[in-house]
Amino acid sequence: MVLPFSMHRSHFALLFLVALLLILYLYNTKEKKYSISGSKWRRYPTPKLYSATRQEVETKKLPWTHRLLQCGYQNHSFTPEERSEGELLMKMIEWPKPPNVSVPFVKSSDPAHVRFVILNSTKTFYVGDQLQVMLQMKDFEGHPKQYGGDYLQGRIHTPALKAGSAGTVIDNQSGFYYLNFNLSWPGKVEVSVSLVHPSEGIQALERLRKDRPERVYFKSTFASGATTETTVCNLCLPQTKPLCNFTDPMTGEPWFCYKPKKLPCSARINHAKGGYEKGLLIGEEKHFFQSEVNIQKLILPCTLGYIMVEPSPQPSKIIICPLLVN
């Protein structure tokens, strides 16, 4: 039976349309997210291997969000909301830096040369008032510092009452710091201020966080029959050897282990903490981490380190909540 020419042409157009739809379907399946039982899943291909030199150079040039791409995250795994949230979190933990990248130890913060002052110490304090303390940071030569960034902690406490409260630190970025406390109980209230980390030490810690994220490492054991191997694991590994990609398919959170020499990645049986890499501080950085010198070191008061707090002159109001009857 011979079909009319128009019929042949319509069949050809239909076949062409079906082929085009099939190509588009395969392309979308490969490139986009797909849904299973109403949940969104993502594909996370095994990361490409980079040499250690290339990775180090690229990592220093890229902002933190893009660095994650070197650790297994893929471009399509970041939504605009995730990028915005990540940038906001990094902005919140930004810390003031010294004006120079390399600061000599003698020019760093020395709590032994510092004394704090209780402002308005002669006034009568009442419960509910605010107490303010001031100090100016100095270096090991006794010179006032002209920049901030030191990690200070302050607290008020009354040992007899077993009462205490933390203060809020205000960094003026000029070497001056103010600590504010809310007075919540009467009696003798003592003030304590300590230097937790100098600004120069914090700069060293920030460098390690950026350049050596794998300094705290983990381990996993792979076993099959009588063969057992243990390799290093982490969120981000120098990709100098083949990796096992254990990225969570639901959340996209990356996790990698170096691939065992003899066993497959599927032979992984456990996970444990490995330890800390040591000897990572360079130059004078180690001097910024001396116990009882510039870490967790108390700062003494200029005169008295306490105040007397009187009960509030205004009688406290007792609020009685009505009972709820079912």
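The values are calculated or read from the model by the stated rules, or taken from the named source; none is laboratory data. As the structure is a prediction and not an experimental result, all values here were calculated from the model. In this analysis, Cβ positions are derived from the backbone assuming ideal geometry, glycine residues included, and neighbour counts consider all displayed protein chains.
All of Pro238, Pro254, Pro313 fail the test of being part of a loop (DSSP other than H, G, I, E, B) and in contact with a Cys (Cβ under 8 Å, 6 or more places away or on another chain), apart from Pro254.
For residues in segment 269-289 being of a type in the set (Phe, Trp, Tyr) and more than 11 Å from Tyr217 (Cβ to Cβ), which is surrounded by the most Cβ atoms within 10 Å (Cβ to Cβ)?
Top of the filtered list is Phe288.
Kindly evaluate Tyr178 against the criterion of being touching a Pro at 6+ places or on another chain (Cβ under 8 Å), aromatic (Phe, Trp, Tyr) and over 18 Å from Ile295 (Cα atoms). No. Of all the listed residues (Val309, Val293), the sole one being modelled with pLDDT of 90 or more and in contact with a Phe, Trp or Tyr (Cβ under 6 Å, 6 or more places away or on another chain) is Val309. Does Pro242 satisfy being at pLDDT below 95, of a type outside the set (D, E, K, R) and either crowded, with 18+ Cβ neighbours inside 10 Å or more than 12 Å from Lys219 (Cα to Cα) (or both)? Taking the combined requirement at face value, the residue satisfies it.
Selection within segment 117-171: residues that are among the acidic types (Asp, Glu) and touching a helix residue (DSSP H, G or I) at 6+ places or on another chain (Cβ under 9 Å). The member of this set that is nearest to Glu310 (Cα to Cα) is Asp150.
Restricting attention to segment 190-227, and to residues there that are of a type in the set (A, V, I, L, M, F, W, C) and more than 24 Å from Asp150 (Cβ to Cβ), which single residue is surrounded by the most Cβ atoms within 10 Å (Cβ to Cβ)?
Ranking the qualifying residues of segment 190-227, first place goes to Phe222.
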